[in-house]
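Below is one structure, written out as structure tokens; the observations come after it.
Laboratory data are not the source of any read-out in this text; all were calculated from the coordinates shown. Just so we're clear, the structure is a prediction, and the values are computed from it rather than from any experiment. Methodologically, a virtual Cβ is constructed for each residue, glycine included, from the backbone with ideal geometry; neighbour enumeration extends over all protein chains shown.
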2 protein chains.
Amino acid sequence: MIRNITIRDRRFALSGGAGSDAVHRDPVYSYAVTELTDDSGVKGTGFAFTLGEGNELVCKAAAFYASRLKGLDIEAVMADFGNLFNRLSNEQQFRWLGPHKGIVHLALASVTNACFDLWAQKRGVPLWKLLTDLTAEQLVATLDLSYLEDVLDREAALALIRGEEATRPLRESILETGYPGYDTSVGWFNYDDEKVRENCRRAIGRGFGALKLKVGSEDAERDIRRAHIVRETAGDGVKVMLDANQQWTLPAALKICTSLRSMNPYWIEEPTHPDDIAAHGVLAAAIAPVPLAIGEHVPNRVIFKNYLQAKCAGFIQADAVRLGGVSEFITVSLLCRKYGIPVVPHVGDMGQLHQHLVLFNHIRLGHEALFLEHIPHLQKQFVHPVQIIDGRYQTPQEAGSSCALIDP
Amino acid sequence: MIRNITIRDRRFALSGGAGSDAVHRDPVYSYAVTELTDDSGVKGTGFAFTLGEGNELVCKAAAFYASRLKGLDIEAVMADFGNLFNRLSNEQQFRWLGPHKGIVHLALASVTNACFDLWAQKRGVPLWKLLTDLTAEQLVATLDLSYLEDVLDREAALALIRGEEATRPLRESILETGYPGYDTSVGWFNYDDEKVRENCRRAIGRGFGALKLKVGSEDAERDIRRAHIVRETAGDGVKVMLDANQQWTLPAALKICTSLRSMNPYWIEEPTHPDDIAAHGVLAAAIAPVPLAIGEHVPNRVIFKNYLQAKCAGFIQADAVRLGGVSEFITVSLLCRKYGIPVVPHVGDMGQLHQHLVLFNHIRLGHEALFLEHIPHLQKQFVHPVQIIDGRYQTPQEAGSSCALIDP
């Protein structure tokens, strides 16, 4: 029975330009943390990610949702979590503040993730193991598929999961080899050219086969110069992704993305406003075969459905600490599987939670084991930080979702 | 110079089922109020609307934005308000909590509306008068047109406004006749059949030529029965709108909207999830010529642009206390004018602010003077409540935007 609920506002200053992009010159990586402790003393930890200011508002909204869980048994909660998620996300007065987006939805992510962590802690298994071992029915019972009826109802979700069962053993070797990572920290926006060059060399030396550069400068020439620096330093065998953090208007994106094609980007990420699905459609058609990657700022399954229907995203960057938590992340992963689009999470959690979820996506849903973003900056804050060897995430063995933070 | 900033959390309980719809069984109409007082003692009041729970979070976010205005001169602020709006809405840490949606955007609406009110108060004119008398350049300088470049840049906005100048005098007669209203309160969700019948008769007796009924029951037969009751009581000469408050899945909406066509609805409002533009496109095509009305839960100009591009909305129900305030409301009204779609605001403000904005839309932008929603429930809370005579909003004469609330 869930006895104690604690909400914590945790903020971590970054240094030396780390975390900077075209929009965020000075972010403070922050977590709105929900801790659920049951009467046996087991504690589940979940959080949503913010960039500092307003983290306290997410905490307050999380306290509102979490209060509904007091006195409940976690196994009973998780046996019907999809319906609980539906009820909480549609709480009649709070709903106006979204619906299903913004602060209230971030808060729901924090609470949802604490539930999944507590569940795995109680069972004494890593979250990836718990999720891969559930029956298809148990798994779908944790999901809220409402407003997806036109493309993915309960029966279709069950069929999709069952359809991957036969080939599952082939994919379990990933647990031994580890899940590939990619390095996002070679080219933060504020880094100068020499630092970018040096970081590229170091990342490749550490075994990464894919790197990401922040673009979206007011000066397009800067973007083009830096992109070519990364390509030249990395060579043709390394994947290079470009991330514009929504800075371009559609006319500007059409122009600069066309120029950037010459350095052969693996994807171009968040070229313009994340709500502008139509603009992404126009851009994707214009710059094909270079694909777009989106999702960091897409708040819920319904908008992801629209993106997938519009066929303009080559990669979906769902984030379980931005969406409504693990439950909606799985829902979006199912949608992506249906549309044949890879899920490459944005890692507001620094990969702690997502290392479990990409293993699940690969083993259970049959998603390709492409690579998972790696951001090292908060590594020392976690009780069980991710382990990267030769550019690969090592399979976590601790019980839970690896989200417990070291006490301040 | 803005000297004092006060944020107030005002909540008003409703009684007897008023305000109820398919989602909101028990709303508490609430305002997150921003008051800006300048050193001459003039006070500007603006607010965002919520349904109760969480109104305090909007207040806290509004305090964050409003603090940026301290010490500024309101005329200087408004001469370049579009850029200020752009900077505030993209404040680099806060932006993650949206962007441009949810609690942070509601908060920005509250602060924006206080600025427009203070501006009109200082000039000693009603807001509709101030807005209709600005030059095209001054008007466009209050707008943030970013991310609309593909359909409406600054030059296109100016041309659109100037193009309506010649015919403007013809439309000023609306100031004498008053702006038509429609009655939303005949059929709240919780009202029984007899009360709906009685309310219809009373509304028609009071001069309303258009009525709205809440639908979206779990029992489709109830919706159909109530819709026919309103049609039979009102007769064929009255417009009847149906509002489902997002309760239907797409498959359900396709079925029930087809049934509802027989009572000839003027529009069907919010049939399904407000983020699901693709579903609205499918539904609009299936039930044509019955049009859809959407907007109450659409948070920003970018998503409205996508709705307009998808050509699935026959009416756009922008709300200046839900969008980023008066500024973004005007931007959306310009977009709608470009696409030839009428703006029929949702009135979270009970029409206090929107009575000014629809006069502006008609006189200055050439929008048709269709009708404005009328909800009487908070009438006694305002210093200058709207005046309805023979079903028409009488032109407000007091300085400002009519948003000042009576002190508790």
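With +1 on the Cβ of every Lys and Arg and -1 on the Cβ of every Asp and Glu, and nothing else charged, how large is the dipole of the stretch A:2-125 about its Cα centre, in debye rounded to the nearest 20? Working shown, then result.
Working: 14 positive and 13 negative charges, 22 e Å.
Computed charge dipole of the stretch A:2-125: roughly 100 debye.
What angle do you read, to the nearest 10 degrees and between 0 and 90, between the alpha-carbon axis of helix B:102-123 and the longest principal axis of chain B?
The helix B:102-123 is inclined about 60 degrees to chain B.
What list do you get for A:LEU213, B:LEU57 if you sort them by fewest beta carbons within 10 Å? Working shown, then result.
Numbers: A:LEU213 27, B:LEU57 30.
With the fewest neighbours first, A:LEU213, B:LEU57 line up as A:LEU213, B:LEU57.
Go through the stretch B:268-282 residue by residue and turn each phi into a ³J(HN,Hα) via Karplus (6.51, -1.76, 1.60, θ = phi - 60°); whole Hz please, and just put x for glycine and proline.
Using θ = phi - 60°, the values come out as 10, 9, 6, x, 8, 4, x, 8, 9, 4, 4, 5, 5, x, 5 Hz.
May I ask you to derive the FRET efficiency for B:GLN379 and A:ASP73 from their Cβ-Cβ distance with R0 = 45 Å, giving the value to the nearest 0.05?
Values: r = 48 Å, r/R0 = 1.07.
Taking R0 as 45 Å, the efficiency between B:GLN379 and A:ASP73 is 0.40.
If you average the alpha carbon positions of the stretch A:1-70 and of the stretch A:77-116, how far apart do those two centres end up, in angstrom?
So the separation of the two Cα centres works out to 15 Å.
Quick check for me: using +1 on Lys/Arg Cβ and -1 on Asp/Glu Cβ, what's the dipole size of chain A about its Cα centre, in debye to the nearest 20? Please report the intermediate quantities before stating the final value.
Details: 42 positive and 49 negative charges, 39 e Å.
Once rounded to the nearest 20, the dipole reads 180 debye.
May I ask for the net charge around B:ASN300, where only other residues with Cβ less than 14 Å from the Cβ of B:ASN300 are counted and Lys, Arg are +1 while Asp, Glu are -1? Mind dumping the intermediate values first?
Numbers: positive: A:LYS101, B:ARG95, B:LYS101, B:ARG301, B:LYS305, B:ARG322; negative: A:ASP275, A:ASP276, B:ASP144, B:ASP275, B:GLU296, B:ASP319, B:GLU328.
Taking every other residue near B:ASN300 into account, the sum is -1.
Which whole-Hz ³J(HN,Hα) couplings does the stretch A:86-94 yield from phi under the Karplus relation 6.51 cos²θ - 1.76 cosθ + 1.60, θ = phi - 60°, glycine and proline marked x?
4, 5, 5, 6, 10, 3, 5, 8, 5
A:LYS239: which lysines have alpha carbons under 16 Å from its alpha carbon, excluding same-chain residues fewer than 8 sequence positions away?
Within the straight-line limit of under 16 Å, A:LYS239 reaches these lysines: A:LYS212, A:LYS214.
Residue farthest toward the positive end of the dipole of chain B, with Cβ of Lys/Arg at +1 and Asp/Glu at -1: which of B:GLN394, B:SER327, B:ALA279?
B:GLN394
Can you tell which of B:GLY124, B:GLY216, B:GLY366 shows the greatest fluctuation in a Gaussian network model of chain B with Cα springs below 10 Å?
So, out of B:GLY124, B:GLY216, B:GLY366, the one fluctuating most is B:GLY124.
Under 16 Å Cα to Cα from A:LYS380, which aspartates and glutamates show up? Leave out anything in the same chain fewer than 8 places away.
Of all the aspartates and glutamates, those that pass the test against A:LYS380 - Cα under 16 Å, at least 8 places apart if same chain - are A:ASP349, A:ASP407.
Any idea what the dipole of the protein assembly as shown comes to, in debye rounded to 20, about its Cα centre with Lys/Arg Cβ at +1 and Asp/Glu Cβ at -1? Before the final figure, lay out each step's value.
Numbers: 84 positive and 98 negative charges, 11 e Å.
Here the size comes out at about 60 debye.
How many angstrom lie between the Cα centre of the stretch B:359-396 and the Cα centre of the stretch A:125-196?
Value for the Cα centre distance between the two parts: 52 Å.
Just want the ordering: B:PHE329, B:PHE49, from fewest to most Cβ atoms lying within 10 Å of their own Cβ.
Values: B:PHE329 29, B:PHE49 23.
So the ranking, lowest neighbour count to highest, is B:PHE49, B:PHE329.
Hey, can you grab everything whose amide H is under 5 Å from the amide H of A:TYR29? Only 5+ residues off in sequence or another chain; H modelled, so Pro and N-termini drop out.
Long-range HN contacts for A:TYR29: A:PHE12, A:LEU14.
In degrees from 0 to 90, rounded to the nearest 10, what is the angle of the helix B:325-339 Cα long axis to the longest principal axis of chain B?
Taking the Cα atoms of chain B, the angle to B:325-339 is about 60 degrees.
Going through the cross-link list A:LYS60/B:LYS122; A:LYS255/B:LYS338; A:LYS43/A:LYS129, which pairs have a Cα-Cα distance over 28 Å in this structure? Provide the component values of the computation, followed by the final result.
Numbers: A:LYS60/B:LYS122 37 Å; A:LYS255/B:LYS338 25 Å; A:LYS43/A:LYS129 18 Å.
In this structure, A:LYS60/B:LYS122 lie more than 28 Å apart at Cα.
For a quick check: with amide H placed at 1.01 Å from N, whose amide H comes under 5 Å from B:LEU372's, ignoring anything fewer than 5 positions away on the same chain?
When sequence neighbours closer than 5 places are left aside, the close amide H contacts are B:GLY181, B:TYR182.
Among chain A residues, which Cβ is nearest the axis of the A-onto-B rotation, and at how many Å?
Residue of A nearest the axis onto B, distance in Å: A:GLY102, 1.
Helix B:354-365 versus the longest principal axis of chain B: what angle, 0 to 90°, nearest 10, using Cα atoms?
Once rounded, one gets 80 degrees.
Where Lys and Arg each count +1 and Asp and Glu each count -1, what net charge lies around A:ILE389 among other residues with Cβ under 15 Å from its Cβ?
Details: positive: A:ARG206, A:ARG392; negative: A:GLU176, A:ASP183, A:ASP390.
That works out to -1.
May I ask you to evaluate 6.51 cos²θ - 1.76 cosθ + 1.60, the Karplus curve with θ = phi - 60°, for each residue of the stretch B:24-31 and list the ³J(HN,Hα) values in order in whole Hz, giving x for glycine and proline?
9, 7, 8, x, 10, 4, 9, 10
State, to one decimal in nm and shortest first, how far the label point of B:LEU170 sits from each corresponding label point in the other identical copies (label point: 7 angstrom along Cα-to-Cβ).
Its label point is 7.0 nm from the equivalent points in the other copies.
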